[in-house]
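Quick note: the coordinates plus some simple rules give every number you see, no bench work behind them. Bear in mind that the values here come from a model prediction, so they are computed numbers and not experimental data. Don't worry about glycine lacking a Cβ; one is built from the backbone with ideal geometry, like all the others, and counts go over all protein chains shown.
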Amino acid sequence: MDYFAHLARDYARLRAVAAPALSAPVPTCPEWTVADLVRHVAVVYLHKAATMRLNAWPEPWPPDLSDTDPLRVLDAGHTELMDQLTSRPPTAETFTWYPPDQTVGFWIRRLTQETVVHRIDAELAAGVPSAPVPADLATDGVDEVVTRFLAFASAASPPRFATVEHLLDGRTVRVEAGASSWFVTLAAPIAVSFAGEPDATVRGEPDAVFRWLWRRSDATALTLDGDPALIDALHQVLGPATV
């Protein structure tokens, strides 16, 4: 998959959609306007560029960008990010928050997925049609959510899931995006496998499943089988995982 092509397209779309709608509220991030959303993406870009440059988390952080032009700082953050992502091979070592993958490639994937999610946010806020998420990018995004933001994060940071701990009853939901499947067991910690006997299934095209997992759409475009309460539990557990 060409992450850089996806990142370039979604960055351009995010910027174009955001520019005329900076004062609009963001329905998927209720405390933000589009200007806040743009500054958030800019800060993420700047933070990850600095992380790769320093090979450590930058301190102190974040900078105060409240009085800056959001589009200008977004452009600056994107430039710094791309300088870091393209100045060495994806296999080059660098610090990340995911111990099994300490490479530039981790950040290439993560920032590509970050950008498409917030591109969707900008589209929803601006009231414009949302461009489809290509199947390869959406499938990759589903994998990232369930394996890293659910399974890894619930093991590495249990307090983050304290508010949904009562929902972790050991049952399994099959998440099926196109031809790919993940079996998500709601336990402490959450476990993900690639085979099993599910108690419920969430099925759909990769784009629809990706948006649902990131809580950017409802389940209208999905097929849901099994206990509705279990599927709702998975969606609630995604809350602390995808903020």
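Worth pointing out:
- The tail of the calculated P(r) for the range 3-126 beyond 19 Å holds 46 percent of all Cα-Cα pairs.
- Estimated vicinal HN-Hα couplings, Hz - the range 101-116 in sequence order (Karplus 6.51, -1.76, 1.60; Gly, Pro = x): 9, 9, 9, 4, x, 4, 6, 4, 5, 4, 6, 5, 5, 4, 5, 5
- Interchain or long-range residues, amide H under 5 Å from THR103's placed H: THR94
- Theoretical FRET efficiency, 1/(1+(r/R0)^6), r = Cβ-Cβ of LEU71 and ALA221, R0 35 Å, to 0.05: 0.65
- Less than 5 angstrom separates the built amide H of ALA221 from none of the residues sequence-distant by 5 or more or on a different chain.
- The percentage of C-alpha pairs in the range 86-144 whose separation is greater than 17 Å is 49%.
- Its DSSP H runs of at least 4 residues, each contributing -39,500 (n - 2.57), put the calculated 222 nm mean residue ellipticity of the chain at -15000 deg cm²/dmol, to the nearest 500.
- GLN102-VAL243 FRET efficiency (beta carbon distance; Förster radius 25 Å; 0.05 resolution): 0.55
- Working note: Cα gyration tensor of the range 87-211, eigenvalues times five, square-rooted, sorted largest first, giving semi-axes of 24, 21, 15 Å.
- FRET efficiency for the ALA19 to TRP61 pair, using the beta carbon distance and R₀ = 30 Å, is estimated at 0.65.
- Note on GLU165 and ASP36: the model spin-label points, each 7 Å out from Cα along the C-beta direction, lie 3.0 nm apart.
- Backbone HN-Hα couplings from phi across the range 224-237 [Karplus 6.51/-1.76/1.60, Hz, Gly and Pro as x]: 10, 10, x, 5, x, 5, 5, 5, 5, 4, 4, 5, 5, 5
- Modelled label positions at ASP83 and VAL128, each set 7 Å beyond Cα in the direction of Cβ, lie 2.8 nm from each other.
- For the chain, the Kirkwood estimate of the hydrodynamic radius, built from every pair of different alpha carbons, is 18.7 Å.
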